[in-house]
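S.K.: To start, I am sharing the structure in question, which I have written as structure tokens.
The values are calculated or read from the model by the stated rules, or taken from the named source; none is laboratory data. On a predicted model such as this, the values are computed, not experimentally measured, just so you know. Here the Cβ is made from the backbone with ideal geometry for all residues, glycine too, and neighbour counts use every protein chain on show.
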Amino acid sequence: MPPRLNLLTVPRTIVYRPKVAASSLRNGVLTRTSPLCRNYSDSPGADRSKDPSTQPLGGVTEEAATTADITGSKGPELEQGTPVEEIVKDDKEAQEKLPKVMQDSIKSSGPKGSRSFSTSAIRRDFHTEGLIQAEMPPPLATMPPGVKFGLPTLPVPADAHLKYRYDPAVKLFTNLIMEHGKLSVAQRNMALILTHLRTSPPPNISPLRPLLPGSPPPSHLPLNPTLYLTLAIDSIAPLLRIRSQKGAAGGGVALQIPVPLGLRQRRRIAVEWILAAATKRKNRGSGKGGFALRLAEEIISVVEGKSSVWDKRGMIHKQGVAARANLKLGIRR
Amino acid sequence: MPPSICLRRLSLAPSDLTAHAMASRSLLAYTQTTSFSHSASLSAKPGQGKPAGPARGERTLNLGKNKKVQRDMGKRPAPGERKALRKRVVLSNTNALVVEGLNDLTVSNIETGDMQGQVVGLSEPVIDQLRAVEAFKATQGWYLFRRPAMLMRKETAQLSALMGDVEAQKKTVRRILVGDRASGKSTLLLQGLAMAFMRKWVVINFPDAKDIVSAHTEYAPLPGSNPLQYTQNAYTANLLAQIAKANSAVLSTIVPSTDLRLPIPTTRKTTLADLAVLGSKNPELSWPIFNALWTELTQPGRPPIILAVDGLAHIMTPSAYLSAEAKPIHAHDLVVVRHFIDHLSGKSVLPNGGMVLAATSGSNQPASPALKFSVQLAEARAQGATDLPMWNPYELVDQRVMEVLTDVDTLKLHGLDKQDSRTIMEYYAASGMLRKQVDEPLVSHWWTLAGNGNIGELEKGSVKMRA
């Protein structure tokens with residue numbers, strides 16, 4: 001017989017949502033947490049969950065087994081797992097730190113008739129009938145009228161907005177190859193570039209010009225041309241630019257000051273370098289897509305480390321290292 | 001505007017004069033003019049006056065303020081090389097994934113209709129044959145996938161059923177393929193040709209009607225023709241080469257049964273394939289040889305024939321060729337076009353059965369009001385409408401086109417349904433070209449954006465990454 005007064009029953013319906021992470025609540029507005037720098041590896045295609053570095057460390061048993069494997073002795077059985085009691089059997093210090101339940105069970109090695117803990121199970125579903133799991137999609141019968149494919153899952157993906165529906169790097173590139181405000185022509189050229197990337201053979205990556213760390217193997221690139229393009233841009237994007245401050249060096253000499261760049265600025269400079277290098281290339285075919293073809297070839301040569309853009313990047317970085325002495329990072333008064 | 005062709009092309013060589021005794025008087029008059037030039041005779045002699053500047057690639061002293069950057073002066077591409085690059089048809093993408101379980105189209109599964117609503121591949125020999133007749137277009141999306149494959153849609157099944165009827169009843173089926181832009185008309189034509197190749201038919205394909213009438217190949221009046229008609233030897237020779245290459249398996253088994261009366265010696269062992277090759281090697285004999293080949297193919301017991309053209313509107317207008325009176329020649333006065341049109345209109349029939357297919361084009365078509373009206377009329381007739389559309393009697397109409405298309409039926413291509421859209425999108429995803437999970441919302445999204453399943457737009461939207 002269930003108790004008459006049930007303290008666990010909820011008097012009214014409560015919508016249950018898991019707590020939002022504190023960092024994403026900014027000024028009381030729910031914002032999407034995004035890292036400072038959006039790298040290519042943030043794209044949904046790159047799954048790094050399988051990396052060994054991301055795996056959790058093994059337990060005591062696994063550690064003991066590994067040690068035994070190294071020393072050549074016979075370690076504990078991994079298949080079944082070792083009970084905690086067995087591990088702490090000879091360790092008085094560890095036994096003192098065990099939970100009371102286990103301490104009691106070690107002391108009393110046989111049934112005594114009374115337990116210090118409850119063994120009665122509570123039927124949770126009976127008491128939680130008022131809770132609605134907001135995360136679960138509602139069953140079809142309760143779908144609001146006029147909704148055919150269910151309500152959108154929140155948060156809405158970044159590319160679901162009309163004005164941000166294209167990849168940011170691709171959009172930046174498209175806008176930078178646009179001439180005379182002809183966006184449609186630029187988009188056509190962009191499509192030609194991506195098509196060339198996905199139909200040309202995988203690049204041979206030079207070890208002298210390393211791409212961004214963690215980049216996928218070259219055989220994966222043609223099937224993901226957006227990633228291919230983003231990798232090329234991000235790999236050659238300079239970290240800084242050199243600003244010449246007039247007269248700061250004294251005697252009318254300009255002082256070279258390195259200035260760090262944001263992600264969009266870095267990408268913009270990289271794309272401009274690629275455009276300049278592609279313009280100098282020779283046109284092979286005829287017709288409309290000539291420049292797009294040259295651009296695509298330049299992007300491939302960037303990834304292969306053959307492009308002159310790498311020298312440009314190296315030069316800027318060298319200048320930046322030389323000019324860092326000009327930075328004044330002291331306390332401002 | 002000056003004529004786009006040289007009038008001297010009309011002049012005949014003196015050796016031809018004897019052979020063409022029946023040529024009309026105006027043409028004979030033209031043979032008297034041996035040469036003609038627009039350039040003034042008073043123009044300065046070369047080598048006088050100011051030198052024309054340094055030769056290309058030569059270094060010169062430039063003291064000017066704005067020095068121009070020396071452009072690359074390397075080897076220029078050979079004539080035709082750049083156009084070849086532009087017109088290149090690529091049928092394979094080695095980066096694309098191999099689609100598991102993609103079956104080839106065969107005669108047996110065409111006839112049973114098992115492949116209806118599925119994506120099927122094309123076998124190597126058929127691909128070679130289709131390539132030989134230039135059925136693949138550079139604008140189609142073949143270059144994205146591992147190997148050519150296509151969706152067997154409802155219209156394909158209709159075409160296949162018609163082919164079965166042709167084989168059973170030896171009748172001539174005439175259809176104009178119509179539909180929206182990018183609705184798959186050229187691809188349906190290709191499917192028809194592929195099925196004809198597999199059924200061992202003789203395939204004669206005019207890959208682009210624009211090439212026949214754009215005045216890019218030479219032409220000459222056909223002696224003894226009334227009204228005057230014109231042959232295109234280079235075009236016909238090329239056509240014969242394509243016929244010989246694509247149909248060699250069928251034509252090499254047929255030996256002529258009639259007296260061909262050709263001005264070129266043939267042996268008893270000369271097969272029709274040899275005859276076509278002979279015509280392709282001797283352009284001046286290409287039209288008589290084409291006629292002889294046609295006569296042979298229409299003898300009893302020969303295989304059915306499929307005649308196909310893409311871009312029908314181009315041959316329903318005056319061509320870019322000029323007559324001796326400097327008037328445009330109507331496309332129907334070109335013998336190659338005439339031959340096709342006679343079969344399309346039903347004036348000539350294919351005695352062994354066959355099919356005449358003409359695909360219209362949505363993106364490259366000159367205005368042809370008569371064709372447009374005839375298609376509307378045919379569609380109204382097919383729907384059983386009582387009040388058929390009437391031509392506005394106060395407007396001029398190309399009467400020749402109207403007469404030719406009086407009773408031609410159409411085969412209209414509609415958009416794909418959702419199920420077919422899903423099938424083709426799953427193929428895109430399996431090839432690695434569509435990086436999304438193909439589920440109902442995605443299919444519905446692209447189906448709607450593609451104008452209710454227009455397959456070209458579907459491909460453009462979901463695969464071609466226009467961003």
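Residues are listed down the side, and each one gets a yes or a no for (1) crowded, with 22+ Cβ neighbours inside 10 Å; (2) within 14 Å of another protein chain (Cβ to nearest Cβ); (3) out of contact with any helix residue (DSSP H, G or I) (no Cβ under 8 Å at 6 or more places or on another chain):
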residue: B:Arg400; (1), (2), (3): no, no, no
residue: B:Glu403; (1), (2), (3): no, no, no
residue: B:Met425; (1), (2), (3): yes, no, no
residue: B:Met433; (1), (2), (3): yes, yes, no
residue: B:Leu442; (1), (2), (3): no, yes, no
residue: B:Leu458; (1), (2), (3): yes, no, no
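S.K.: Given the conditions (1) within 14 Å of chain A (Cβ to nearest Cβ); (2) at pLDDT 95 or above; (3) surrounded by 14 or more Cβ atoms within 10 Å (Cβ to Cβ), which single one is not true for B:Leu85?
M.R.: (2)
S.K.: Quick test for you: out of B:Glu111, B:Glu100, B:Glu155, pick the one residue that is modelled with pLDDT of 95 or more and of a type in the set (D, E, K, R).
M.R.: Answer to the check: B:Glu155.
S.K.: Further, regarding this structure: If you scan region B:101-158, which residues turn out to be of a type in the set (D, E, K, R) and not in a loop (DSSP other than H, G, I, E, B)?
M.R.: Once the filter is applied, which keeps residues that are of a type in the set (D, E, K, R) and not in a loop (DSSP other than H, G, I, E, B), region B:101-158 yields B:Asp104, B:Glu111, B:Glu124, B:Asp128, B:Arg131, B:Lys154, B:Glu155.
S.K.: One residue is enough: does region A:75-88 have a residue meeting the conditions over 30 Å from A:Gly214 (Cα atoms) and modelled with pLDDT of 80 or more?
M.R.: Among the residues of region A:75-88, at least one is over 30 Å from A:Gly214 (Cα atoms) and modelled with pLDDT of 80 or more, which makes the answer yes.
S.K.: Out of everything in region B:354-391 that is among the β-branched types (Val, Ile, Thr) and closer than 24 Å to B:Glu457 by Cα, what residue ends up being surrounded by the most Cβ atoms within 10 Å (Cβ to Cβ)?
M.R.: Step by step, filter region B:354-391, then rank; the result is B:Thr360.
S.K.: So the check is Cβ under 9 Å with 6+ separation or different chains; which pairs have a first residue in region B:298-313 that's in contact (Cβ under 8 Å) with a residue 24 or more places away in the chain and crowded, with 23+ Cβ neighbours inside 10 Å and a second one that's assigned to a loop (DSSP other than H, G, I, E, B) and acidic (Asp, Glu)?
M.R.: B:Val309/B:Asp208; B:Asp310/B:Asp208; B:Gly311/B:Asp208
S.K.: Any idea how many residues of region A:271-282 are surrounded by fewer than 18 Cβ atoms within 10 Å (Cβ to Cβ) and within 14 Å of chain B (Cβ to nearest Cβ)?
M.R.: The qualifying residues number 5.
S.K.: In region A:289-300, which residues are in contact (Cβ under 8 Å) with a residue 12 or more places away in the chain and not β-branched (Val, Ile, Thr)?
M.R.: A:Gly289, A:Phe291, A:Ala292, A:Leu293, A:Arg294, A:Leu295, A:Ala296, A:Glu297, A:Glu298
S.K.: Of the conditions (1) closer than 26 Å to B:Leu442 by Cβ; (2) away from every other protein chain (no Cβ under 13 Å), A:Ala160 satisfies every one except a single condition; which number is it?
M.R.: So A:Ala160 meets the others, but not (2).
S.K.: Does B:Ala149 satisfy the criteria of being within 22 Å of A:Pro201 (Cβ to Cβ) and more than 14 Å from every other protein chain (Cβ to nearest Cβ)?
M.R.: It is true that B:Ala149 is within 22 Å of A:Pro201 (Cβ to Cβ) and more than 14 Å from every other protein chain (Cβ to nearest Cβ).
S.K.: Moving on to the next point. Considering each residue of region A:167-179, count those that are free of Cβ contacts under 8 Å to residues at least 24 places away in the same chain and surrounded by fewer than 18 Cβ atoms within 10 Å (Cβ to Cβ), and give that number.
M.R.: The number of residues fulfilling the criteria is 4.
S.K.: Residues that are among the basic types (Lys, Arg), free of Cβ contacts under 8 Å to residues at least 12 places away in the same chain and closer than 21 Å to A:Ile316 by Cβ: does region A:226-246 have at least one?
M.R.: yes
S.K.: Further, regarding this structure: Which of the residues belonging to region A:301-311 are touching a residue at least 40 places away in the same chain (Cβ under 8 Å) and either of a type outside the set (Gly, Ala, Ser) or farther than 18 Å from A:Arg267 by Cα (or both)?
M.R.: Scanning region A:301-311 gives A:Val302, A:Val303, A:Glu304, A:Lys306, A:Val309, A:Trp310.
S.K.: Can you tell me which condition B:Ala138 does not meet? The list is (1) at positive phi; (2) modelled with pLDDT under 95; (3) within 20 Å of the chain's Cα centre (by Cα), and all the others hold.
M.R.: (1)
S.K.: While we're on this one: Taking B:Val90 as meeting all but one of (1) under 29 Å from B:Lys210 (Cβ atoms); (2) part of a loop (DSSP other than H, G, I, E, B); (3) modelled with pLDDT under 95; (4) at the interface with another protein chain (Cβ under 10 Å from one of its Cβ atoms), write down the number of the exception.
M.R.: Tallying (1) under 29 Å from B:Lys210 (Cβ atoms); (2) part of a loop (DSSP other than H, G, I, E, B); (3) modelled with pLDDT under 95; (4) at the interface with another protein chain (Cβ under 10 Å from one of its Cβ atoms), B:Val90 fails exactly one: (3).
S.K.: Can you find a residue that is in the same structural domain as B:Pro328 (by TED's automatic domain parsing), not charged (D, E, K, R) and not in a helix (DSSP H, G or I) anywhere in region B:183-195?
M.R.: The answer is yes; a qualifying residue exists.
Yes/no per residue for (1) modelled with pLDDT under 85; (2) among the acidic types (Asp, Glu); (3) closer than 25 Å to A:Gly285 by Cα:
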| position | (1), (2), (3) |
| --- | --- |
| A:Met143 | yes, no, no |
| A:Pro157 | no, no, no |
| A:Ala169 | no, no, no |
| A:Val185 | no, no, yes |
| A:Thr199 | no, no, yes |
| A:Pro203 | no, no, yes |
| A:Arg209 | no, no, no |
